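Below is one structure, written out as structure tokens; comments come after it.
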Number of protein chains: 2
Amino acid sequence: MPAIIDHEARRRELADIAADIVAEEGLDAATVRRVAEAAGASTKVVSHYFADKRALLIATYHAAAAQAHRLADASHPPGRADVRAQVLSLLPTRPAMERAWKVWFAFWGHAIADADFAAAQRAQAKRARAIIVEAMEGDARFARLTPSAREQGAREVLTLIIGIAQQAAFDPEDWPARRQIRLIDDALARIVMRK
Amino acid sequence: MPAIIDHEARRRELADIAADIVAEEGLDAATVRRVAEAAGASTKVVSHYFADKRALLIATYHAAAAQAHRLADASHPPGRADVRAQVLSLLPTRPAMERAWKVWFAFWGHAIADADFAAAQRAQAKRARAIIVEAMEGDARFARLTPSAREQGAREVLTLIIGIAQQAAFDPEDWPARRQIRLIDDALARIVMRK
């Protein structure tokens, strides 16, 4: 029997390796050659999966997003909406989520001049907000709020998370986990009190 | 009399041109050649002011920071601390401040892998927070708070501003000025109420 290679899995694996390189060294470092070296593969193999640098970058961006969503999903039991667990899982208090944020930062500068990446950034913010709203709908303490109060609350919380993640990335000593969590807990406490 | 060239002014002017290019097209576009073209100068002249791409980028980063500080200073009369005016002046509701934020985003990805830029990012966050704290000390409504409540309030407001600026850059339609201002006004209102 010939060995069956799962091409989709191999592609994801290479994108994950590229994401590691981006998180450590920035966007410019993630070349086909570098990814091939890190994967122990030839540049020909990597080029087979990604036609050019741009295709590699798009896959890298989505690899970081997918990993963040897996992490967030894994941090609370399915079927039990827990707004706090959901929201805290997005903070860069764990190395894997810190890595995902660093990959996104690397793309922000790039997204300024690239309409596709800018659209991906917009979609990701909307998706994150929708996930928080959905968790609120299933969480008794938030379910009593009006839909617009939940929408506004999710917007406020996501805005804080982005601001925390940016500052924590460059000044981790000034942003220990307890400080990140406290800011979010304060926000959730006051959102719960709204009508 | 020979013409006297103000070298420092010329250097700032070139860095400002580079900042425009970064805000429009990202970090990679700001080459010595591109800046020379945009300035109507030779690459030799630009190279005279900036030894290499890195020196140009450092000057570009500081040009954006300096412009943001001038904008913030100009938005409230000297000697009269007005926390709200100070804080709102940092939002990307004006084209010039939007440009400054876009330049910073471009550097965030770069700063991941560059210790000097990472240190500059840390210093800038600390400076912005100190400016907000100082405005609070001179504003009667905030002066009655404890120093730690002011410090915590400034941290919260700056975190919101960073989160707003990032989202507004990629989704300006979803972040009109009134929405940005409302989030900050809500935060200031609750900080004022603290003990």
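Some notes on this structure:
- Segment B:95-195, accessible area per residue, ligands and nucleic acids excluded (1.4 Å, Å²): 40
- In segment B:120-152, trypsin sites (Lys or Arg not before Pro) in a DSSP loop with at most 15 other beta-carbon atoms within 10 Å: B:Arg144
- Other-copy label distances relative to B:Pro95, 7 angstrom Cα-Cβ extension, nm: 4.7
- Debye, to nearest 20: dipole size of the protein assembly as shown, +1 on Lys, Arg Cβ, -1 on Asp, Glu Cβ: 1100
- Part-to-part distance (alpha-carbon centres) for segment A:145-162 and segment A:36-55, which is given in Å: 41
- Think of segment B:47-195 as having a plus end and a minus end, set by charges on the Cβ of Lys, Arg, Asp and Glu; of B:Ala59, B:Leu91, B:Val157, B:Val157 sits farthest toward the positive end of this dipole.
- For segment B:26-129, a simple Cβ point-charge model (Lys and Arg +1, Asp and Glu -1, everything else neutral) yields a dipole of about 200 debye relative to the Cα centre.
- Inter-copy spacing of B:His69 label points, which lie 7 Å from Cα along Cα→Cβ, given in nm from shortest upward: 4.3
- Annotation for the A:B interface, with buried accessible surface near 3400 Å², both sides summed [1.4 Å probe; non-protein components not counted].
- Each stretch of four or more DSSP H residues adds -39500 (n - 2.57); spread over every residue of chain B, this sum gives -24500 deg cm²/dmol at 222 nm.
- Centre separation in Å (Cα based) which lies between segment B:166-195 and segment A:102-130: 20
- Each Lys and Arg contributes +1 and each Asp and Glu -1, all at the Cβ; summed about the Cα centre of chain A, the dipole is approximately 640 debye.
- Too-long pairs where the Cα-Cα distance tops 32 Å, listed order kept, from A:Lys102/B:Lys44; A:Lys102/A:Lys195; A:Lys44/A:Lys102; A:Lys53/A:Lys126: A:Lys102/B:Lys44; A:Lys102/A:Lys195
- The mean sequence separation of alpha-carbon pairs under 8 Å and at least six residues apart, normalised by the residue count of chain A, gives a relative contact order of 19 percent.
- Residue among B:Gly138, B:Phe117, A:Trp108 farthest towards the positive dipole end of the protein assembly as shown, charges placed on Cβ: B:Gly138
The values are calculated or read from the model by the stated rules, or taken from the named source; none is laboratory data. Predicted, not measured: the structure shown is a model, and the values here were computed from it. Counting neighbours? That spans all protein chains shown, and the Cβs are built from the backbone with ideal geometry, glycine included. Just the protein is used for accessible areas: all its heavy atoms, side chains included, with ligands, DNA and RNA removed. Shrake-Rupley method; radii C 1.70, N 1.55, O 1.52, S 1.80 Å.
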